[in-house]
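First the structure, in the form of structure tokens, and then the observations on it.
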4 protein chains.
Amino acid sequence: MQCDMNSTSAILLVHCPDRRGINAAITKFVADHQGNILDYDQHVDDEAGIYFARIEWDMEGFALTREQIVLAFTPLAQGYDITWQLYFSDTTPRMALMVSKLPHCLYDLLARWQTGELDVEIPLIVSNHPDLEPVAQRFGIDFHHIPVSAQTKPQQEAKQIALLKDYKADFVVLARYMQILSGDFVRHYPNRIINIHHSFLPAFAGAKPYHAAHERGVKIIGATSHYVTEDLDEGPILAQDVMTVSHKDAVTDLVRKGKDLEKIVLAHAVWLHRNRKILVYGNRTVIFE
Amino acid sequence: MQCDMNSTSAILLVHCPDRRGINAAITKFVADHQGNILDYDQHVDDEAGIYFARIEWDMEGFALTREQIVLAFTPLAQGYDITWQLYFSDTTPRMALMVSKLPHCLYDLLARWQTGELDVEIPLIVSNHPDLEPVAQRFGIDFHHIPVSAQTKPQQEAKQIALLKDYKADFVVLARYMQILSGDFVRHYPNRIINIHHSFLPAFAGAKPYHAAHERGVKIIGATSHYVTEDLDEGPILAQDVMTVSHKDAVTDLVRKGKDLEKIVLAHAVWLHRNRKILVYGNRTVIFE
Amino acid sequence: MQCDMNSTSAILLVHCPDRRGINAAITKFVADHQGNILDYDQHVDDEAGIYFARIEWDMEGFALTREQIVLAFTPLAQGYDITWQLYFSDTTPRMALMVSKLPHCLYDLLARWQTGELDVEIPLIVSNHPDLEPVAQRFGIDFHHIPVSAQTKPQQEAKQIALLKDYKADFVVLARYMQILSGDFVRHYPNRIINIHHSFLPAFAGAKPYHAAHERGVKIIGATSHYVTEDLDEGPILAQDVMTVSHKDAVTDLVRKGKDLEKIVLAHAVWLHRNRKILVYGNRTVIFE
Amino acid sequence: MQCDMNSTSAILLVHCPDRRGINAAITKFVADHQGNILDYDQHVDDEAGIYFARIEWDMEGFALTREQIVLAFTPLAQGYDITWQLYFSDTTPRMALMVSKLPHCLYDLLARWQTGELDVEIPLIVSNHPDLEPVAQRFGIDFHHIPVSAQTKPQQEAKQIALLKDYKADFVVLARYMQILSGDFVRHYPNRIINIHHSFLPAFAGAKPYHAAHERGVKIIGATSHYVTEDLDEGPILAQDVMTVSHKDAVTDLVRKGKDLEKIVLAHAVWLHRNRKILVYGNRTVIFE
């Protein structure tokens, strides 16, 4: 899909019980106000009986202002029991990064940001180790070192959350942040914390997945990006990818090769999130790609 | 997408110049006649300014008969300059097979047909060699041996076409048929002859692609299924897949490994065609998957 | 790798503690008796300190007979503490098939056998259901229906084993055989029973993996072929492959798409086993491909 | 393969006409001087009758010095008509980068270098545009802007070569350098200039491959890394990878998605080159992976 980068578009994400005419009602709403639909993607889960859609239309020439859209769409949404989110393409979201010691995902995201491939603001990097501060400096981003131990976790998480609020982070990316976030932390950013796990989940959840994969003798390794929930490695999956390995690969080879998977999969998940292409329902995702 | 196998559905394939409201008009047409949309997939090619859609709805409870749909949709189609095709899921298409000596794609398609995975009728198999007649017999399908040489091609093609007409073939699958069809033959079945080429087109078009791939030292080989047009190996692409190879693979290894690619890719293309999931425009395809 | 199909080759599989000179000693053994090495593949597991190799040489012009090879290699093997297997390419192994109701893997293997792609003898098909007997008849293979229930399992497994012995099966392929074999059964064919599991193991072991994959919302599904051991779905992995899926895929779509994975992965594992390209150590495999 | 990073190893790359005993002779050479083989990979091209091998052994405890290896191996090499290269793992090669305006491959390689994943020295970056100088500065690397036009090409290439010599570059990586190098330039660094082409070669050689891929309607795009020879896009292939695309992808989507392919494929080729895992013969490569 391609759209003019210079004009603003509205992005409407909806889901509701599937009913005859829902599709027509929504497209009619846009058409009735002279909306030029740029992209329209819908999905019906027949088993669950749920209708999902992502509609993007050009705001140029549209008959309603942003506030009027909300007013006009509310009664329609109520009539069809629609849960909805409305975004505008000229709002650049603010992405906070949390890291530990491994730099590959951090470098990859910063390069994508620098080159304009990933259209976000990156106000801060938070880490439980000081190691990656030079990388932050190299890209001119505030770096906050907040060490975390079992004892200090509650107060340190409070500091982290305060920082994220201060810096007005819209969402958080754990770029190989090697700490488990508490349920309390997670509840501040529901479906807005993106993690990369270095295995093909649900295989090899938990610590040291490459060691486990090597021990099991698998012929393929993977990486999984998911929203963080209170259950470790159990959140809704955003993206996965895999690569072939063999008996020739020692654990260190899996670690080395897996880095590329982690980078690609995490960056793809972040791109999907930033571009409002994800709908979460239950513990699953609809990806409008 | 899942739909009740026991009820009949209507499948409407449309494309037209993209205009404000086209989407709403079509969905409204179905909704206005109490149609329950089972599957709705649309695509806009922004560059070309073309709107494409595949709409499938349940005929149970629909207010129009098959003939009435045609009458009712015609004025709407004219108003929006829509090119359209209408199918019903209870019509099983008749697939003719053309083969030479290699049996792997033939066996694969026959097994998929026998097991119900591919819902077609297979009235006949045509071949320029007698070798695969035992396979046809094993599955109880008429086999016609029509040898073709440079001299006899016109009259032999005439025989082939007569057979296809006699057996009421709706479409033709070249399951490694090692002869080039004339433009005259092709014009009898526009976008209804499916070929499998044993390379990742447009790389290695023409004869002996595995030899050419080996000679070039590629690290990946592929297979491509496309509609046959008058230009050899140039028709609209339906499906492609690839696999990794290495310097260890001799040409015979590429041939052996490539067979799996050919089977999978051809069977997928046939499945897409049979289930009305392909729209051709220019020399490209929209695949509603 | 390519070798003349008409001449006989010897295939030696070895593994032993890694020691300086082991490589030279084995290649020298072959060279000293005028052996022309057709293929030589070796692997050292540095962590475990184990040396693995597969050496294939031409028997034409080799100075030793088959029996003399055994006599001559035994002292070398003892000196280096080598565990070894010796095969000759002119011995065609006998493969028994066990199936239930699903025909796709059965058809696929039978077609590969018929077309010469898989060089085995298939003396019999054993099933706990009568459904696939027509397929066996179509290919002219003995079919034995041995129903199995929780109560009758021990005596029915005894019948199965007796059949396998009568028919002189060298190895057994479970082509979607939906019964768990007892440890007693498995011990009759150690590392000679090949299963296909319809998931990317270790994810989704056990029953209904496609349902579990759908429930978890994974973006990739897989299939795994492994040797059967007493621990369900825990045996050494021979081959794995994956394909991309999306939220659009219902469980029935995963089942449909997964069939291709199952066929390809199982056939590849069988091919590796038949061509003596697998070494098992611990619960892992070295694949000489 | 894993080896102790702290000790030095010798890497010997050989190819020669395949003769009985060549394998034994080489392994015996290493064993006779107390060499502990860390990695030994060999390949015989049966068609061409050529033997290839890469042998890596620990220099600790080896009976010969670096100079003595050369002296001792020379007669053996002459006897078997062996072409050979000898490297030592403690020599870090110097990699020059040539770029134009696109930063993604440059950032990716610099990040791999910074994080120690790619063990090279990067003495300089040469570009025909000034755009990426800030990236070079960010990583503290000398940047030379040498504009090139059709008229100035000979003298500007002379400047480039002089720079590469001054900075003692061992090999050159074209990280999306959008200029064709002259045959004269290429001859200074035979099999030591690595390019990334943004298509699955030989498909879509030349300019604007993503446009051509879109126009042709392919379902898969790729990237190819190869050594630069005098024939554009025709050099020996080092690495290739692909990804699935669909009718939904506009050219701009192909460009965006392809960047990840380009990064991964180029970085992999550079890693192979740096670690002496490539043998070129004719226009093909043996990759010891």
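The values are calculated or read from the model by the stated rules, or taken from the named source; none is laboratory data. The structure presented is a predicted model; accordingly, all values stated were derived computationally and were not measured. Quick reminder, even Gly has a Cβ in these numbers, built from the backbone with ideal geometry, and neighbours come from all protein chains shown. What goes into the accessible areas is simple: the full protein's heavy atoms, side chains included, and nothing from ligands, DNA or RNA. Shrake-Rupley method; radii C 1.70, N 1.55, O 1.52, S 1.80 Å.
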10 Å Cβ neighbours from other chains, averaged over peptide D:214-224:
6
Here the convex hull volume per residue of region A:8-148, taken over Cα atoms and given in Å³, is 164 Å³
Could you tell me what percent of the DSSP beta bridges with both partners in region B:95-287 are antiparallel, to the nearest 5?
50 percent
Quick one: in chain D, whose Cβ comes closest to the D/B rotation axis, and how close in angstrom?
D:A203, 2
Yeah, region A:9-88 with a ≥ b ≥ c from its alpha-carbon gyration tensor (a/c under 1.5 is rounded, else prolate when a/b outruns b/c, oblate otherwise) is prolate
Just counting partner chain Cβ atoms within 10 Å, what average do the residues of peptide C:237-246 show around their Cβ?
4
Of all trypsin sites (Lys or Arg not before Pro) in region A:188-289, which ones are in loop regions per DSSP and have a Cβ with at most 11 other Cβ atoms within 10 Å?
none
Taking only complete DSSP H runs, can you tell me which helices of chain D stretch 18 Å or more along their own long axis by Cα positions and average at least -0.5 on the Kyte-Doolittle scale?
D:66-80, D:251-274
Total charge dipole magnitude, the protein assembly as shown, about the Cα centre, Cβ charges on Lys, Arg, Asp, Glu only, Debye to nearest 20
0 debye
When all C-alpha to C-alpha distances in region B:170-289 are sorted into bins of 5 Å, what percent of pairs does each bin hold, rounded to whole numbers?
2, 12, 23, 23, 18, 12, 7, 3, 0
Over all distinct alpha-carbon pairs, what is the Kirkwood Rh of the protein assembly as shown in angstrom?
32.5 Å
The B/C contact buries a total accessible area, at probe radius 1.4 Å and rounded to the nearest 100 Å², of 2400 Å²
GNM on chain C, Cα springs under 10 Å; top mean-square fluctuation among C:I194, C:I278, C:I141 goes to C:I141
Give me the distance in nm between label points sitting 7 Å out from Cα along the Cα-to-Cβ direction at A:N283 and C:E230, one decimal.
3.3 nm
From the alpha carbon gyration tensor of region A:211-256, can you work out the equivalent ellipsoid semi-axes (sqrt of 5 times each eigenvalue) and give them in Å, largest to smallest?
25, 11, 8
Carbon plus sulfur fraction of accessible area for chain B, probe 1.4 Å, in percent
51 percent
Computed Kirkwood radius, in angstrom, where 1/r is averaged over Cα pairs of chain A
20.7 Å
What number comes out for the charge environment of C:L201, summing +1 per Lys or Arg and -1 per Asp or Glu over other residues with Cβ under 14 Å away?
-3
Computed for region A:23-77: size of charge dipole around the Cα centre, +1 on C-beta of each Lys and Arg, -1 on C-beta of each Asp and Glu, debye to nearest 20, value 260 debye
DSSP-defined beta bridges in the protein assembly as shown - what % are antiparallel, rounded to 5
70 percent
Lys and Arg at +1, Asp and Glu at -1: neighbours of D:D166 with Cβ under 15 Å from its Cβ sum to 0
For region C:93-157, state which trypsin sites (Lys or Arg not before Pro) are in a DSSP loop and have at most 16 other beta carbons lying within 10 Å of their beta carbon.
C:K101
If each DSSP helix of 4+ residues adds -39,500 (n - 2.57) and the sum is divided by the residues in chain A, what number results at 222 nm, nearest 500 deg cm²/dmol?
-10000 deg cm²/dmol
With the other protein chains left in place, how much accessible area per residue, in square angstrom, belongs to the protein assembly as shown at a 1.4 angstrom probe?
38 Å²
Cross-link partners among lysines for B:K208, C-alpha distance below 27 Å, same-chain residues fewer than 8 apart left out?
B:K101, B:K153, B:K219, B:K248, B:K257, B:K259, B:K263, C:K263, D:K219
Calculated on alpha-carbon atoms, Rg and Dmax of region B:104-173 in Å:
12.8, 40
Per-residue mean of other chain beta-carbon atoms within 10 angstrom of the beta-carbon, peptide D:260-267?
3
Classify region D:78-220 as rounded, prolate or oblate, taking a ≥ b ≥ c as the square roots of the eigenvalues of its Cα gyration tensor: rounded when a/c is under 1.5, otherwise prolate if a/b is larger than b/c and oblate if not.
rounded
Placing unit charges on C-beta atoms (Lys and Arg positive, Asp and Glu negative, everything else neutral), compute the dipole magnitude of chain B about its Cα centre in debye, rounded to 20.
720 debye
Excluding A:P123 itself, calculate the net charge of residues whose Cβ lies under 11 Å from the Cβ of A:P123, where each Lys or Arg counts +1 and each Asp or Glu counts -1.
-2
